[in-house]
Amino acid sequence: MPDPADRPQPPSPSPSPFPSPSSAPHDRGALVAPVLRRAVAEGLLGADRPSAGFVDVGGVRDSVAGLRAAFAHVPDVLHTFAAKACALVPVLRLLAGSGMGCEVAGPGELRLALDAGFAPERIVLDSPAKTRTELAQALALGVAVNADNLAELERVDALRPPGSASVLGLRVNPQVGGGAIGPMSTATAHSKFGVALRDPGARERVVEAFVRRPWLTRLHAHVGSQGCPLPLIAEGLAALHDLAVEIDARAGRRQVTSLDLGGGLPVNFADDTVTPTYGDYVAALAAARPELLDGRYGLVTEFGRSLLAKNGFLAARVEYVKDAGGRRIALTHAGGHLATRTVFMPESWPLRVSAYGPDGTPKETAPLRQDVAGPLCFAGDVVAHDRALPELAEGDWVVLHDTGAYYFSAPWAYNSVPRPGVYGFLRGGETADTGAAAVGKADGEVDGEVVFAPVRAPQSLREVAAESGLAHADALLTGFTAPSRT
């Protein structure tokens, strides 16, 4: 773990660190083609680089500004980015420079957050299985910690150093039910996360745990992510507020000072429209429990997917086309290694796919129903089933939209397929320090050439081998050590 004094510092923000959205609004669909054409022209995509991810830097800044604007009337809010949604250091550093904090789940993400330049006091550590070593490191650094259960609080009792600057909280499960995607719902009766508040005696044990620990000052809940409707999320967070009031009353003092609301704003994957918005989220909280926003309790948010999904896309080359059972199949380099959730749960995680020619120009030929399949060696490696698209051919490109979160940043190493390169881009007229776009252009029109910056280099085959134990190639033949005899 790096020393806090040695961690990289985020770049200085623009004069207004939380600028309003650009006066030249994003037309994400119109941006894809010029970015793709430029990437092909520069060799970021090609026969030997058959896939890549792209991050819209200006779009990320606009999303952060929209989040800030929605909560502008709330007195005390720390907005953190859920690192799991895009665990790439340059992206995290971009967010740090935009004034965000960072929510991490484990020692790897904590290391990435520190390397990206987040100050420890703006980092929140969540996870259901923190080790003693992990807890001790966080407490020594002054990172905020949300304990997952009452047993973890006992570990914190033993490990917390005198004068620790860490804000300490407890995660609870309000058990308000699940959304449309079961695995993304974390407030169900049997969720593995948090203390289940409606279980017999659990609420009383939580209140007593706070009363006994004056240093325990934060409550945390996360109702769920994609598929959870806003009223359900708001119901769970209203229950969190009510528990805080109860704890304060029992303690006879201002015990709880902040509420960590988690994240979970769903993303619309059907088209480019951003819905629901952060304004919709805040309105749902206000309708369920207005006191959540009155400033009595400081707030923490942990949004991830909603900040990044629509600000990134994947492009992959069509390697072959063929017919089977009367249906066209396009074999591409976008499969389960990149779109894991979509491949295994296509009904819950459908992605829009669009077709482009070899030079990155949109294809406009008559639509043909076809499967868009990936390169992995199992039959279910299909990212789009029976989809009407312009007829694809070898050398074309397919784009998977809304994949800026959880897709190219969390690859699956099946078949040892090398991880693709990832690149950030600026629109014509934007600048690297502010992301502000040129004024006076029609929506989606790009002023000048798209420019790129590397986020992650394409993985080489040598790196694949090194990751797979190359340094220990002979270990199972000659590397055993006989036990010592006394």
Among (i) 38; (ii) 16; (iii) 20, which one is percent of Cα pairs over 43 Å apart computed from these coordinates?
(iii)
Rounded to the nearest Å, what's the spacing between the alpha carbon centres of segment 349-402 and segment 51-126? Just the number, please.
31 Å
Using alpha carbons only, how many degrees (0 to 90, rounded to 10) separate the axis of helix 150-159 from the longest principal axis of the chain?
80 degrees
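Of all chymotrypsin sites (Phe, Trp or Tyr not before Pro) in segment 357-424, which ones are in loop regions per DSSP and have a Cβ with at most 12 other Cβ atoms within 10 Å? Don't skip to the answer; put the middle values down first.
Details: sites: 378, 397, 406, 407, 408, 412, 414, 423; in loops: 378, 406, 407, 408, 412.
Here the sparse-neighbourhood loop sites are 378.
Taking the number of other C-beta atoms within 10 Å as the exposure measure, put 121, 154 in order starting with the fewest. Intermediate results must be reported in sequence, preceding the final value.
Numbers: 121 16, 154 12.
In order of increasing Cβ crowding within 10 Å: 154, 121.
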Subtract the Cα-Cα distance of residue 480 and residue 359 from 0.36 nm times their separation in residues, and report this length gain in nm to one decimal.
38.2 nm
Could you tell me whether segment 310-467 comes out rounded, prolate or oblate from its Cα gyration tensor? Rule is a ≥ b ≥ c as square roots of the eigenvalues, rounded for a/c under 1.5, then prolate if a/b exceeds b/c, otherwise oblate.
oblate
Rank the residues 381, 474 as a footprinting-exposure proxy: fewest other Cβ atoms within 10 Å of their Cβ go first.
474, 381
For an R0 of 41 angstrom, estimate the FRET efficiency from the Cβ-Cβ distance between residue 42 and residue 280 and round to the nearest 0.05.
0.60
Enumerate the lysines that residue 322 could reach by cross-link, defined here as Cα to Cα under 25 Å, with residues fewer than 8 away along the same chain left out.
363
Qualifying lysines (Cα of each under 24 Å from Cα of residue 84; at least 8 residues distant if same chain):
130, 192, 310
Tell me which residues come under 5 Å, amide H to amide H, from residue 405 once H is placed; ignore anything under 5 positions away on its chain.
309
Ordering of 133-142, 475-484, 456-465, 260-269 by packing [mean C-beta count within 10 Å, highest first]:
260-269, 133-142, 456-465, 475-484
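Using a Förster distance of 35 Å, how high is the FRET efficiency between residue 253 and residue 69, based on the Cβ-Cβ distance and rounded to 0.05? Walk me through the numbers on the way to the answer.
On the way: r = 35 Å, r/R0 = 0.99.
E(calc), rounded to 0.05, equals 0.50.
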For the chain, what is the percent of antiparallel DSSP beta bridges, rounded to the nearest 5?
45 percent
In debye, nearest 20, what is the charge dipole magnitude of segment 58-307 about its Cα centre with +1 on Lys and Arg Cβ and -1 on Asp and Glu Cβ, if you could check?
540 debye
Grab the beta carbon distance between residue 345 and residue 198, set R0 = 35 Å, and tell me the FRET efficiency rounded to 0.05.
0.80
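Quick one: order 204, 291, 152 by neighbouring beta-carbon count within 10 Å, fewest to most.
Values: 204 10, 291 15, 152 20.
Ranked by crowding around the Cβ, least crowded first: 204, 291, 152.
We did not get these values from a lab; they are worked out from the coordinates using the rules stated. Keep in mind it's a predicted model, so treat the numbers as computed, not measured. Note that each Cβ is placed from the backbone with ideal geometry, even for glycine, and that neighbours are counted across all protein chains shown.
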